[in-house]
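J.: Questions regarding the structure given below will be posed in turn.
Every read-out reported here was derived from the displayed coordinates using simple, explicitly stated rules and does not represent laboratory data. These figures come from a predicted structure and were not determined experimentally. With ideal geometry, Cβ positions are generated from the backbone for all residues, glycine too; neighbour counts draw on all protein chains shown.
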Amino acid sequence: MIRLNLTAAPAWLTLAPGLRLQVAPLTTALMVSARADPAIESLPKTATQEELALVMAKAVARRAVLDWEGVGDDAGEAVPVSPEGVDALLEIWPVFEAFQTQYVVKGLILDAEKNVSAPLPNGPSAGATGTARPARGAASTAPQD
């Protein structure tokens, strides 16, 4: 089941101790805009998946980050949100990973949930519970003609 969040209110994400980002809702319009970002379009065809992931995350973040707390310059003075600042922030590996996990992946999870199938009781999607009682014994084979 897809759970709709009908509020368009920004949310705060805590990406690291003392670092919070206020982000706009992850909408189709935001993702489409990010995909059309000049930095993505200028990537060479030989770019790796890792290079694409970083450039895409920066494009999404430049559109999504509305405010932040805990971001400062070399002297420790708070700095306002800017496209350059967002790019620099995502160059920090733990921040990039937290942003991907807490913000971007939520949009991808909806794509994974669209088939509305229950998870398997074992394997990588473990989580479903059995609803039938186990069989008492082996069934006999069907007669052959």
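J.: Inside region 1-60, can you point out the residues that are of a type in the set (Val, Ile, Thr) and either surrounded by fewer than 12 Cβ atoms within 10 Å (Cβ to Cβ) or closer than 14 Å to Tyr103 by Cα (or both)?
T.: Matches in region 1-60: Ile2, Thr7, Thr14, Val23, Thr27, Thr28, Val32, Thr46, Thr48, Val60.
J.: For residues that are in contact with a strand residue (DSSP E or B) (Cβ under 7 Å, 6 or more places away or on another chain), of a type in the set (Phe, Trp, Tyr) and over 17 Å from Gln22 (Cα atoms), tally how many sit in region 59-101.
T.: Of the residues in region 59-101, 0 are in contact with a strand residue (DSSP E or B) (Cβ under 7 Å, 6 or more places away or on another chain), of a type in the set (Phe, Trp, Tyr) and over 17 Å from Gln22 (Cα atoms).
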